[in-house]
Amino acid sequence: RFVSLKGNKVNLRRGPGLDHKIDWVYQRKHLPVMIVSEFGHWRKVTDFEGYTGWIYKDLLSGSRYIIVNKEETLLRNKAGFDSLGKAILKREVIGKLIDCEGLWCFIRIKNMRGYVLAKHIWGISKD
């Protein structure tokens, strides 16, 4: 399942515990990660680039966010290829996931809402 980081500084550890080495420090609040395993209060996660490690569960939020995994994608007014674009989203832009249906996901980035192609974002299930 997908979750997001609660804060701007979250440690990714080699194992489930404070005694394990920190491999990475995330500095992006709302970054989506996928939980792949659980051990006590710890969650093994994978990020959009494939890095895997352990994060304490209280540092994760159930709020759903996505990250653009394409060099550029268009944020559109409506779900459809013929819909006008509102903005060009660059790789690694993070947005709040509102809903997905078929090929399209409805997202919010700051004050803008619109539709993006589901295959251009990470943080959603393939089905």
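Scanning segment 28-63 for residues that are part of a loop (DSSP other than H, G, I, E, B) and either surrounded by 13 or more Cβ atoms within 10 Å (Cβ to Cβ) or out of contact with any strand residue (DSSP E or B) (no Cβ under 8 Å at 6 or more places or on another chain) (or both) turns up 28, 29, 30, 31, 40, 47, 48, 49, 50, 51, 63.
Note on segment 64-75: residues that are open to solvent by less than 40 Å² (accessible area, probe 1.4 Å) and over 19 Å from residue 12 (Cβ atoms) amount to 4. With the condition kept exactly as written, say whether any residue in segment 8-15 is in contact with a helix residue (DSSP H, G or I) (Cβ under 8 Å, 6 or more places away or on another chain) and either surrounded by 18 or more Cβ atoms within 10 Å (Cβ to Cβ) or of a type in the set (D, E, K, R) (or both). Yes, that holds for at least one residue. Pairing residues of segment 81-99 that are of a type in the set (D, E, K, R) with residues that are loosely packed, with under 14 Cβ neighbours inside 10 Å and assigned to a loop (DSSP other than H, G, I, E, B), at Cβ distances under 7 Å and at least 6 apart in sequence or on separate chains, gives 86/77; 91/71. Among the residues in segment 43-64, are any within 24 Å of residue 24 (Cα to Cα) and touching a helix residue (DSSP H, G or I) at 6+ places or on another chain (Cβ under 8 Å)? Looking for residues that are within 24 Å of residue 24 (Cα to Cα) and touching a helix residue (DSSP H, G or I) at 6+ places or on another chain (Cβ under 8 Å), one finds at least one in segment 43-64, hence yes. When segment 92-120 is filtered for residues that are open to solvent by 40 Å² or more (accessible area, probe 1.4 Å), assigned to a strand (DSSP E or B) and touching a helix residue (DSSP H, G or I) at 6+ places or on another chain (Cβ under 7 Å), only 100 remains. For first residues located in segment 110-123 and at positive phi, partners that are of a type in the set (S, T, N, Q) and open to solvent by less than 40 Å² (accessible area, probe 1.4 Å) and lie 6+ apart or on another chain with Cβ distances below 7 Å do not occur. Restricting attention to segment 4-16, the residues that are in a loop (DSSP other than H, G, I, E, B) and closer than 11 Å to residue 57 by Cα total 2. Per the listing 25, 33, 68, the residue uniquely more than 13 Å from residue 122 (Cβ to Cβ) and β-branched (Val, Ile, Thr) is 25. Would you call residue 78 in a loop (DSSP other than H, G, I, E, B), in contact (Cβ under 8 Å) with a residue 24 or more places away in the chain, open to solvent by 30 Å² or more (accessible area, probe 1.4 Å) and over 17 Å from residue 2 (Cβ atoms)? Yes, satisfied.
The values are calculated or read from the model by the stated rules, or taken from the named source; none is laboratory data. Remember, it's a predicted structure, so these values are computed and weren't measured experimentally. For neighbour counting, all protein chains shown are included, and Cβ atoms are generated from backbone atoms with ideal geometry for every residue, glycine included. In case anyone asks, the SASA skips ligands and DNA or RNA and just uses the protein heavy atoms, side chains included. Shrake-Rupley method; radii C 1.70, N 1.55, O 1.52, S 1.80 Å.
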